[in-house]
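The values are calculated or read from the model by the stated rules, or taken from the named source; none is laboratory data. Note that the coordinates shown come from a computational prediction; the quantities given were computed from them, not determined experimentally. Don't worry about glycine lacking a Cβ; one is built from the backbone with ideal geometry, like all the others, and counts go over all protein chains shown. Calculation scope for accessible area: heavy atoms of the full protein, side chains included, ligands and nucleic acids excluded. Shrake-Rupley method; radii C 1.70, N 1.55, O 1.52, S 1.80 Å.
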Amino acid sequence: MTYPPLAIKVHILATVTRLVAVLLVPVAFCRAPGRARFLACQWALSLRFPAEDLRGLAPETLTAFTYARAEAFWRDGQLIGLTSGHRDAAEQHRIFTEEVRRTGSVSAARRRVLPPEESNHVRGLALDVRPTEGAQWLERHGGRYGLYRVYDNEWWHFEYRTVKPIRLPHPDAAPWPSAHHAAYGLCQAYGNESWHNQPRPDGRPPMYGNPAQRPRRQP
C-alpha cells in the first residue's frame, strides 16, 4: 500500500514526538519525580503542536485534557493536540458573525457556531482537538476525565461535563440557557456562580500522581 506524503509526514512527526518525550523523561524527573512522564508528554506535545494555546481553559478542563492526553500518549501512543480552546467573547462573536455571512442566516450558522453568550468555548469548558485519531481516542476514553463529544456534526469538539451528556445532532439542537442544561450535565459556569466548586465526578482527578487518586476505569 502506498501512503500519501501527508500521511507519511504525520507518521514521522508522531514518531519523533514519542522519541522526544522519552528523551525528556529524565529532565522531567529532576523537576517532578512523581510526574516525570506527564511533564515529558506535555513538553513533547507542545513541540508537536506549537500553535496550541491552553491559556484561559477552566482549571477542571485543563486538568482533564492534559491528563487524558498523557494517558493516550503513554498507554496507546496516540497524540492529541488542541486546535481551539478558550475564546474571549469578541473572538467568538467574530467567528459567529463570519459564519452567519457564510451561510446566509443565523439559524444555519448556529448549527456550527454559537454566539458568545451561549458558547462553552467562552467559558473555558470546550475543546476542539486533532487529529481525527486523537478525537476518536478521546471519544472512547475521555469520559474517565469528564470530557465528552457533545455534537454529532463536530467530531473535534469536546466539553468538560460533570455527568455524561446526551449527544446532540448539532449546537443549535437545544435552547441555551434553559432548564435543559441540567439534563446535559453542564457545569454552572455563567453569571457570578462558581462552577469549579461543584463536586468532581467519579473517574477524576488525574491518573498520574498519588495512586489513590487515579481515576477508576469504567467497565
With label points set 7 Å from each Cα along the Cα-to-Cβ direction at Ala7 and Glu91, the distance between them in nm comes to 3.3 nm
For the stretch 97-140, the accessible surface attributable to carbon and sulfur atoms (probe 1.4 angstrom, ligands and nucleic acids excluded) amounts in percent to 45 percent
Taking only the alpha carbons of the stretch 66-147, the radius of gyration and the largest Cα-Cα distance, Dmax, both in angstrom, are 15.0, 45
By the Kirkwood definition, with r running over pairs of different Cα atoms, the stretch 36-82 has a hydrodynamic radius in Å of 10.8 Å
Inter-part gap, Cα centre of the stretch 41-83 to Cα centre of the stretch 101-149, in whole angstrom, is 16 Å
Shape descriptors of the stretch 27-173 over alpha-carbon atoms, Rg and Dmax in angstrom, are 16.0, 56
